[in-house]
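This report concerns only the one structure given below.
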Amino acid sequence: MGPLAGLRIIEVAGIGPGPFAAMLLADMGADVIRIERPGGSMFANQTELDFLNRGKRCICIDLKKEGGVALVQQLIASADGFIEGFRPGVLEKYTLGPDDCLRANPRLVYGRMTGFGQDGPLSNRAGHDINYIAIAGALHPMGRAGEKPAIPLNLVGDFGGGGMLLAFGMVCALLEAKGSGKGQVVDAAMVDGASLLMTSLFSAWQTGYWGERGTNMIDGGAPFYEVYQTRDGGFMAVGALESQFYQVFVERLGLADELPNQYDMAQWPAMKERIAEVFLQHDRDHWEAHFADCDACVTPVLSMDEVKDHPHNRARNSIVVKDGVWQPRTAPRFSRTDGGEPASAVPSGHDTMAILAELGVADEYQRELLANGVVMGE
């Protein structure tokens with residue numbers, strides 16, 4: 001199932017963006033084999049909640065023991081793609097760098113996920129999402145006027161600019177390899193990806209359309225693109241940017257004859273205060289129902305626990321329940337080769353013996369590998 005069915009991807013287990021990229025490929029039907037180190041999974045007792053590993057098979061290999069690297073090399077020789085997320089040079093020490101792997105498998109697409117990239121003065125420095133988006137220019141514009149930048153979880157660097165871009169790069173290179181017969185390295189850096197996500201804002205800044213943090217139309221500066229608190233402590237999201245939607249919005253609030261021109265920026269702070277006063281008069285459920293039948297671009301701000309029960313999400317089956325827990329469905333959707341519901345995540349080493357058998361490893365040697373701690377699992 002899925003448009004990537006028939007492709008095999010080997011993933012060296014890591015955290016965050018690498019596993020997310022591999023998850024996206026698995027969601028689309030690729031056979032993703034995750035190489036886990038012994039004791040490496042943080043979800044040992046709650047495998048069903050390890051959503052980033054859904055749909056993957058797992059073999060547990062200790063690269064530091066004799067025979068471990070050889071097994072990984074065998075897996076790579078059988079694969080279309082390979083994903084790793086170590087600092088530059090780490091896998092080269094194990095003879096698992098791009099040169100070694102492409103020599104053994106010339107069609108291999110070798111995906112490298114890092115924060116700062118494979119070269120440059122920061123390439124070997126430690127960092128996290130907040131650091132990558134900071135130097136990418138993505139952190140500075142976020143937040144309220146007069147306040148410090150707001151941290152956007154780790155969605156911009158790790159997942160949007162990192163894992164998503166790596167998955168896109170892998171698919172591009174895999175497609176190219178089908179024609180050329182040659183693999184290549186995909187250098188996915190979160191700094192590059194976060195900067196790419198800022199493309200339109202970099203344009204807006206240089207044209208003078210974008211001002212300082214928290215004073216613009218889509219960063220909380222405008223009263224018609226804002227989050228407002230309700231009487232019960234809930235919140236409503238307002239995105240009435242276009243004039244026709246704004247008109248419906250203020251009419252439903254009873255403020256059409258009171259508020260000044262939508263684009264009178266000098267009046268935006270006062271307009272916000274007045275709109276906030278109105279929203280505080282009723283609970284969130286009231287406002288959700290009040291705006292439900294019109295194009296005012298007003299929606300409730302749902303908690304993570306509420307998402308699965310929203311009527312629209314239920315109608316599209318956007319959140320699926322599997323193994324007693326709920327998680328997002330695969331996306332995007334396809335009319336003919338849709339991936340459907342995600343497959344379950346499996347415990348570390350769940351497929352070790354089956355994968356060894358696929359590689360043609362003799363039963364006696366399998367037992368020897370287990371006894372020596374080179375592999376672990378079932």
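Taken together, the values in this text are just the output of simple stated rules run on the coordinates, not laboratory data. Keep in mind that what you see is a predicted model, and the values were worked out from it rather than measured. With ideal geometry, Cβ positions are generated from the backbone for all residues, glycine too; neighbour counts draw on all protein chains shown.
Can you give the net charge of the other residues whose Cβ lies under 14 Å from the Cβ of Asp264, counting K and R as +1 and D and E as -1? Cβ neighbours under 14 Å give a net charge of +1. Counted by neighbouring Cβ atoms within 10 Å, the residues Asp264, Asp50 run from fewest to most as Asp264, Asp50.
Each of Arg314 and Gln73 was given a label point 7 Å from its Cα along the Cα-to-Cβ line. The distance between the two points is 5.7 nm.
Add +1 for every Lys or Arg and -1 for every Asp or Glu among the other residues with Cβ under 11 Å from the Cβ of Val90, and state the total. Present the calculation step by step, with values, prior to reporting the outcome.
On the way: positive: Arg87, Lys93, Arg112; negative: Glu84, Glu92.
My count for the surroundings of Val90 gives +1.
Among the lysines of the chain, pairs at least eight places apart or on separate chains and with Cα atoms under 27 Å apart come to 12.
Within 10 Å, count the other beta carbons around each residue, average over each peptide in 353-361, 9-17, 311-319, and list them highest first. Don't skip to the end; give the middle numbers.
On the way: 353-361: 16.2, 9-17: 22.8, 311-319: 11.4.
Peptide ranking by packing, descending: 9-17, 353-361, 311-319.
A full extension of the chain between Ala371 and Arg125 corresponds to an added length of 84.8 nm, given 0.36 nm per residue minus the alpha carbon distance.
Going by a ≥ b ≥ c, the root eigenvalues of the Cα gyration tensor, does the stretch 231-366 fall in the rounded group (a/c under 1.5), the prolate group (a/b larger than b/c) or the oblate group?
Details: a/c = 3.53, a/b = 3.21, b/c = 1.10.
Since a/c reaches 1.5 and a/b is larger than b/c, the shape of the stretch 231-366 is classed as prolate.
Just checking the listed ones, Ala266, Ala77, Ala331: in the Gaussian network model of the chain with Cα springs under 10 Å, the one fluctuating most is Ala266. Who wins for biggest fluctuation among Leu49, Leu139, Leu122 in a Gaussian network model of the chain, springs between alpha carbons below 10 Å? In the Gaussian network model the winner is Leu122.
Quick one: net charge of Ile218's neighbours, Cβ under 15 Å, K/R +1, D/E -1? Don't jump to the answer; show the numbers that get you there.
Working: positive: Arg144, Arg213, Lys272; negative: Glu212, Asp219, Glu226, Glu242.
Net of charged neighbours comes to -1.
GNM on the chain, alpha-carbon springs under 10 angstrom: the most fluctuating residue among Val321, Val185, Val109 is Val321. Extension gain, Thr337 to Val307, is 8.2 nm, computed as 0.36 nm per intervening residue step minus the present C-alpha separation. As a length-normalised measure over Cα pairs under 8 Å and 6 or more apart, the relative contact order of the chain settles at 21 percent. With a Förster radius of 30 Å applied to the C-beta separation of Phe168 and Lys64, the computed FRET efficiency comes to 0.35.
In a reduced charge model with +1 at each Lys and Arg Cβ and -1 at each Asp and Glu Cβ, the chain shows a dipole moment near 880 debye about its Cα centre.
Quick check on the stretch 299-378: take the gyration tensor over C-alpha atoms, sort the square-rooted eigenvalues as a ≥ b ≥ c, and tell me if it's rounded (a/c under 1.5), prolate or oblate. Taking the square roots of the gyration eigenvalues as a ≥ b ≥ c, the stretch 299-378 is prolate.
Positive end of the charge dipole of the chain (Lys, Arg +1 and Asp, Glu -1 on Cβ, about the Cα centre): tell me which of Leu25, Ala289, Pro106 has its Cα farthest that way. It is Pro106, whose Cα lies furthest towards the positive end.
Spin-label pair Ala292-Glu176: with each label point 7 Å from Cα along the Cα-Cβ axis, the two points sit 5.1 nm from one another. Let me make sure I get this right: for the stretch 225-309, a, b and c are the square roots of the gyration tensor eigenvalues over alpha carbons, sorted descending. Under 1.5 in a/c it's rounded, otherwise prolate if a/b > b/c, else oblate. Which is it? Note, shape of the stretch 225-309 comes out prolate. Dipole of the stretch 225-309 computed with +1 at Lys/Arg Cβ and -1 at Asp/Glu Cβ about the Cα centre; of Val278, Thr299, Val248, farthest Cα towards the positive end is Val278. Where does the chain land at 222 nm, in deg cm²/dmol rounded to the nearest 500, when only DSSP H runs of n ≥ 4 count, each adding -39500 (n - 2.57), divided by all residues? The helix contribution divided over the chain gives -9000 deg cm²/dmol. Between Gly234, Val12, Gly183, whose Cα lies farthest towards the positive end of the dipole of the chain when Lys and Arg beta carbons carry +1 and Asp and Glu beta carbons carry -1, centred on the Cα centre? Toward the positive end, the furthest listed residue is Gly183.
What FRET efficiency would be calculated for the residue pair Gln244, Leu196, taking the C-beta separation as r and a Förster radius of 35 Å, to the nearest 0.05? Don't skip to the end; give the middle numbers.
On the way: r = 32 Å, r/R0 = 0.91.
Computed FRET efficiency for Gln244 and Leu196: 0.65.
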